[in-house]
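Undergrad: What follows is a single structure, and I will ask about it in a moment.
The values are calculated or read from the model by the stated rules, or taken from the named source; none is laboratory data. This structure is a prediction, so every number in the text was calculated from the model and none was measured. Cβ atoms come from the backbone with ideal geometry, glycine included; neighbour counts cover every protein chain shown.
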Amino acid sequence: MEQLITDDLDALLNVLPPHLQNHLREIERLPDLLEVVVDLGRVPEARLVGESVALNSREATREDIDYVVSRIGEFTDDNRAGIPRTLHRISCIRNRQGRIVGLTCRVGRAVYGTIEIIRDIVESGKSILLLGRPGVGKTTMLRESARVLAELKRVVIVDTSNEIGGDGDIPHPAIGQARRMQVPTPALQHEVMIEAVENHMPEVIVIDEIGRELEAEAARTIAERGVQLIGTAHGQSLENLMMNPTLADLVGGIQSVTLSDEEARRRGTQKSILERKAPPTFDVLIEIQERNRLAVHHEVADAVDAILRGRPLPSEIRIRDDSGEVHIEKPQISPRATLPARAGRRSEQPSERPARAEPEARRALRIYPYGLSQDRLEQAAKGLQLPVRVIDDIGQADAVLTLKNYYRKRPPLIGDAERHGVPVYVLRSNTITQMEGILEDLFGMNGQNDPVEQAMRETEAAIEQVREGAHSVELSPQAAHVRRKQHELVRDAHLFSRSLGKEPKRRVRIYASDVV
């Protein structure tokens, strides 16, 4: 779709003093005008894309400033005003006595068609957070999102500074059928956000410039009520947002966790590590790198977890060329030779194991763990004395291991792996026992009649019974080394267990809660 730009430029020029209007209309690059700056005692200037132009040789006077102020709306607590039914914004600078001594008259443009580059994401129903530096086009894209979604859904815009819907009581046509709620003062934005949900039953809430902790909390409350959120925040990347203590909650928040000595040794990390503490408020995060270049993180939770593990996931790049065509560059996965004798297929049901590979000379197997503990996978391989290499590049992987809850969300990386013929194996839980079982399958080790394997399967079934409400479940008697594995599996499932009886009938009992 070709982009259509409307700017109501005459409406902005008409509020300026006549001598400034005359100079502006003589500028050849007037469509590139960004803002007009009028400061008391200085020569007014026009700021265009890439340059600034002095409008005359005379310094701005008090009369010039008063002329503009008398022809625009009232300034609110954030020192912003506008021109009714336009998107132009006039911001003021005041002296210590509160008198206006400077004006920034910013051109507001409605750009129809800019949403095409992310239309599929916007219409997916997922909550979206747009990041980018000031002036890169966040609000323009937000306005277009509201217009497009309002054709099918109930959309309410929380318009704190009237940048989305324009100044005045009648919103600009660029927001389409979306409804607009104005905010009396920026400090009350979070209250209006909650009011919008409670009073007007929206399916979509659109918010510009989430910047305070209360607004981040309100956004989480809205998301938990099942309302789609589309918002913006200042920051150029996901990493920036994670380091911002005020806004980190939008992507799940970061907390420091102290591990036990045993767990720290198992992971091969320090005792204090950083982890995401909650589900993200927004499902998708889009970094607006340039006006026509975006980086998309389709699964914010996975992206944050990967960054905290020191293995950032590559983002999807979307580019709009000069002709308006959108090009999508997905994370690269290079085709490679498959496993010997084709190690297996994707397991649609996590309880089923893939087909076993034919026994061959064992070579190092390159595995990409998606959502799994790398340290546990390495420990499982070491315990079985199998040559496994855990790699960071999914394009070089012989197989991908992931968990049931990740696979159900169909993240882009998993979909790309399957399309390129990379086997994807689904595990029920992030435990060493599950990983050992899948590695035995991949390397063609016969474990179906193995007593240890059978004991582990019994343990997993008992864990499920306890999770479904059983107070406790007692397992069959096992040798000491098998009981040790059973206790470890129970501990990884966040349940409790103890050994009962005497050899050779000593056995494990699993409980839902700790017992005395």
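Undergrad: Given the structure, is Asp77 free of Cβ contacts under 8 Å to residues at least 24 places away in the same chain and either assigned by TED's automatic domain parsing to the domain that holds Val148 or closer than 27 Å to Pro171 by Cα (or both)?
TA: Judged against the criteria, Asp77 is not a match.
Undergrad: Examine the range 468-478 for a residue that is part of a loop (DSSP other than H, G, I, E, B), of a type in the set (Ser, Thr, Tyr) and farther than 15 Å from Val400 by Cα, and state whether such a residue exists.
TA: yes
Undergrad: Hey, which of the helices (runs of 4 or more DSSP H) in the range 356-434, taking only ones fully inside, have at least 1 residues that are farther than 19 Å from Asp302 by Cβ and basic (Lys, Arg)?
TA: 374-384
Undergrad: Does Thr281 satisfy the condition of being part of a helix (DSSP H, G or I) and hydroxyl-bearing (Ser, Thr, Tyr)?
TA: no
Undergrad: Can you confirm whether the range 251-269 contains a residue that is assigned to a strand (DSSP E or B), buried (at least 16 other Cβ atoms within 10 Å of the Cβ) and at pLDDT 90 or above?
TA: Within the range 251-269, not a single residue is assigned to a strand (DSSP E or B), buried (at least 16 other Cβ atoms within 10 Å of the Cβ) and at pLDDT 90 or above.
Undergrad: Could you list, in sequence order, the residues of the range 268-318 that are touching a helix residue (DSSP H, G or I) at 6+ places or on another chain (Cβ under 6 Å), without any contact (Cβ under 8 Å) to a residue 60 or more places away in the chain and over 19 Å from Pro411 (Cβ atoms)?
TA: Result: Lys271, Leu274.
Undergrad: Counting only residues that are crowded, with 22+ Cβ neighbours inside 10 Å and out of contact with any Ser or Thr (no Cβ under 8 Å at 6 or more places or on another chain), which one in the range 119-146 is farthest from Ile230 (Cα to Cα)?
TA: Arg143
Undergrad: Continuing with this model, one more query. Anything in the range 461-496 that is small (Gly, Ala, Ser) and under 19 Å from Pro451 (Cβ atoms)? List them, or say none.
TA: Ala461, Ala462, Ser476, Ala479, Ala480
Undergrad: Might you check whether a residue that is at pLDDT 90 or above and either in contact with a Gly (Cβ under 7 Å, 6 or more places away or on another chain) or in the same structural domain as Leu12 (by TED's automatic domain parsing) (or both) occurs anywhere in the range 188-203?
TA: No, the range 188-203 has no match at all.
Undergrad: Please find, among Val304, Val284, the residue that is in the same structural domain as Gly253 (by TED's automatic domain parsing) and touching a Ser or Thr at 6+ places or on another chain (Cβ under 9 Å).
TA: Among Val304, Val284, only Val284 is in the same structural domain as Gly253 (by TED's automatic domain parsing) and touching a Ser or Thr at 6+ places or on another chain (Cβ under 9 Å).
Undergrad: Also: In the range 1-86, which helices (runs of 4 or more DSSP H) lie fully inside it and hold 2 or more residues that are acidic (Asp, Glu) and surrounded by fewer than 18 Cβ atoms within 10 Å (Cβ to Cβ)?
TA: Output list reads 62-69.
This table checks each residue for (1) closer than 30 Å to Asp283 by Cα; (2) surrounded by fewer than 17 Cβ atoms within 10 Å (Cβ to Cβ).
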residue: Tyr407; (1), (2): yes, no
residue: Gln434; (1), (2): yes, no
residue: Gln454; (1), (2): no, yes
residue: Ile463; (1), (2): no, no
residue: Gln486; (1), (2): no, no
residue: Glu503; (1), (2): no, yes
